[in-house]
Amino acid sequence: MEGLSTKSKLHSRLSTFVAWIAPDPQTRDEIEAQADEIRGRIMEKAAKDGLEITSSMKSGSFAKRTGLRRHMRGNAEVEGQDVDISFVVKPQGEQSFELQPLVNKFMKYADESYPKTEKESTKSSVKLKFTNTLAYDLVPLFSTKEPEKQMLVRATGERILTSVQKHTDFVKSRTEESDKKKGVVLFNECVRIVKWWREFRCDEGNYLQEIPSIVIDLLCAKAFDQLSVKPTYAHTLAEWFTFLAHVVKKKEPVWFGKSKPNSTVVSTDSWQLLDPVNPENNIAKRFKPFEIDEFAEWLAIGRDTLSRSIAADMTGDDNRCLDQLVSLMGNPFKNHCDEEA
């Protein structure tokens, strides 16, 4: 792929598309200011209610700078950006580790703070939907004895030790590392493309209907650790997809640092994708064997499609190159990959 140029039509199109799916950087300060306002109002209501919130922080894709401004739904794109705000609550005894009563409390605080704003209660959060296609997810967590670790409680009652700060730093550190390399694409922008591809594939899937963002974050991080990033998106993603297609097909364990799989991880899980913050938490335990097989097939198709698009670009076959990219990213790519579009 040495002949792949940053001046090529292929790279130009992917660069334009990345800019189209990414949140507008000029609105970031405005969003952060609104998030701070929401944080302040919710914490004020909680304090009056006797609920102690020990801290609140930016989290999720907005904090990691891997979020999307537009999403793939069916055969078209939809506008919408979600911003997570985590609230760390001090538990009052064993009985207080119940998620639904806590979510109900946050819905009450949101109703009192924003009575005219549309709201939605999910299994683990409260979503505030503003008319500007911007939504804020209020995500309650429980504090632990360690300031940078929180207890996440699932709707099933399962408790998972996590760290919002460390997960954010885990992703941001790789973006910062890629930013230090001259003439290469950024890690977080590649993650954005993979997230869009994930949504397109899930809409087309047979068994696999959802791939959580944390799975994409970790797999992209592993690919980056093994292969880094290259001057072009196509070259980088072709190498990542090739590597990940093999890992997922063979169900090879994925871990980071010294968190190699050990007896504390359930050995009966079909595949192990270990949380770098808490290696005892297998992120991939939710997947059934046939779902993992379908995911591996998607990655293999992505690998082959990227290879064909690169070959077409290098031989000057622009139409075939575009057709391959549309088959990879969906119809919206065709309408939003050229600067004049």
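Data table
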| item | result |
| --- | --- |
| Selected from Thr315, Thr133, Thr168 as most flexible by GNM, with the chain as the system and alpha-carbon contacts under 10 Å | Thr315 |
| Mean ellipticity per residue at 222 nm, deg cm²/dmol - from DSSP H runs of n ≥ 4 across the chain, formula -39500 (n - 2.57) | -15500 deg cm²/dmol |
| For the chain: relative contact order, % (alpha-carbon pairs under 8 angstrom, 6 or more apart) | 18 |
| Rounded Å value of the spacing that divides the Cα centres of region 274-341 and region 190-217 | 9 |
| Over region 153-271: Rg over Rh, Cα atoms, Kirkwood Rh | 0.97 |
| Residues Leu141, Leu208, sorted so that the one with the fewest Cβ neighbours within 10 Å comes first | Leu208, Leu141 |
| Order of Glu199, Glu280 - criterion: other Cβ atoms within 10 Å of each residue's Cβ, fewest first | Glu280, Glu199 |
| Helix runs (DSSP H) in the chain reaching 24 Å along axis by Cα, Kyte-Doolittle at least 0.0 | 289-314 |
| Identified option (computed Rg and Dmax of the Cα atoms in Å; candidates (1) 19.7, 60; (2) 20.9, 68; (3) 23.2, 98) | (2) |
| Residue-count net charge about Asp169 - beta-carbon cut-off 11 Å; Lys, Arg +1, Asp, Glu -1 | +2 |
| Charge context of Thr54, other residues only, Cβ under 14 angstrom, K/R +1, D/E -1 | +1 |
| Over 25 Å between alpha carbons, listed pairs Lys129/Lys334; Lys105/Lys288; Lys9/Lys230; Lys149/Lys285; Lys64/Lys250 | Lys129/Lys334; Lys105/Lys288; Lys64/Lys250 |
| D_trans [Stokes-Einstein, Kirkwood Rh over alpha-carbon pairs] for region 25-162, 4 °C, 1.567 mPa s, µm² s⁻¹ | 82 |
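Values quoted throughout were computed directly from the atomic coordinates according to the rules given, and no laboratory measurement underlies them. Worth saying up front: this structure is predicted, and the values here are computed from it rather than measured. Don't worry about glycine lacking a Cβ; one is built from the backbone with ideal geometry, like all the others, and counts go over all protein chains shown.
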